[in-house]
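Please treat every number below as a calculation from the coordinates, not as lab data. Keep in mind the model is a prediction, meaning the values are calculated, not measured. For neighbour counting, all protein chains shown are included, and Cβ atoms are generated from backbone atoms with ideal geometry for every residue, glycine included.
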Amino acid sequence: MRLPVQVLTICTASLAVGLSLLAIRGGPRPTPAPGAEVGVCSAPSAIEKAANQWISLDEAHGLWSTPGVVFVDCRGPADFDTGHIASAISLPSNSAEIPEGLFAILAHAQTIVAYCNASSGCASSLRLAERLHGLGLRDVRILTGGLPGWLERSFPAESGPCRQCPAESAP
Amino acid sequence: MPGGERTVNTSATKNTSTKRAALLLLRAALAAVFVWAAVPKLIDPGEFASAIQNYRVVPESYVGVLAVLVPVFELAVALALLSATYQRGAALLAALMLAAFAVAMAQARARGIDLRCGCFGATFEAKVSWLTVARSAGLSGLACVIFAFGAPASATHASTRTEPSSVGGTPPDPPVPSS
């Protein structure tokens, strides 16, 4: 059998089996790394030096109605409008700069809880948390499980544009 | 001289047999490595997805898909390595895949990212180091050897049959058409 045919056969067979598995089991979610393990997995940074930067769904829910606790949605504006944690503010992790009004809210917050989609492993939350740490905000947590986990537990959620965001920063 | 022909024939056959046995051993060893690597990833794809994500070279939306496809591909390559028909194709794919792994690990080391290898699942976990880079590169070299010296079953049979004719034996069989 010719070499290209061999290669093509192996690739096609793998792809067929792999896609079937994906269709049956769905794409796996990256296992969230507990705070202590983050240092093993990624580059040393300010966020990794902070203790307890990960927060569980139950703990976050307990803090949700506490004054001074701000939930930050790191996803894009369209995702935010579709559905988000109630009273969260929208701050996409890839936004070029943080609007002044929004930063004032964050600067006055006692605790910031960043979240995104668990299916993406909340890497964007980690990036945003690193960024906020760099700006001097110390208590920035990352929600383990993200929005899907929050919704699975039927914790408060809403849809539509950001109500808490200052006018100039609303998506 | 008939006796001399037999000596040459015997020697050539021995050499061929030794070469084939060595290649078979290499193929089995490489296949075992791939099975060893694939099974834990298939059992716990979430853990492997996490490992892929930490390399920071794959867009987040592809992490889950890769976490399933890579171990399936590894398993397919392992099976194909054991097959006489697919051995060279499998060796080529194995070499490319292992080279890609080595490059991914090397870029992580070069960027100072301190991460787990993700090579053999969580059970036999090791941090990425230049040693793991060298290991992948070495295995890739091994796959290249199989690719270079391994021959499809049809070609192997054809060469075995034509050997006697080169030293004055019986006429060769007609060439076996490759499928």
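Looking only at the range A:89-115, which residues are of a type in the set (Ser, Thr, Tyr) and outside any strand (DSSP E or B)?
A:SER93, A:SER95
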Next on the checklist: So, in the range A:78-88, exactly how many residues are touching a strand residue (DSSP E or B) at 6+ places or on another chain (Cβ under 6 Å) and not in a loop (DSSP other than H, G, I, E, B)?
Outcome noted: 3
Checklist entry - Is there any pair with a first residue in the range B:74-88 that is in contact (Cβ under 8 Å) with a residue 60 or more places away in the chain and at the interface with another protein chain (Cβ under 7 Å from one of its Cβ atoms) and a second that is charged (D, E, K, R) and crowded, with 23+ Cβ neighbours inside 10 Å whose Cβ atoms are under 6 Å apart and which are 6 or more apart or on different chains, and what are they? => result none
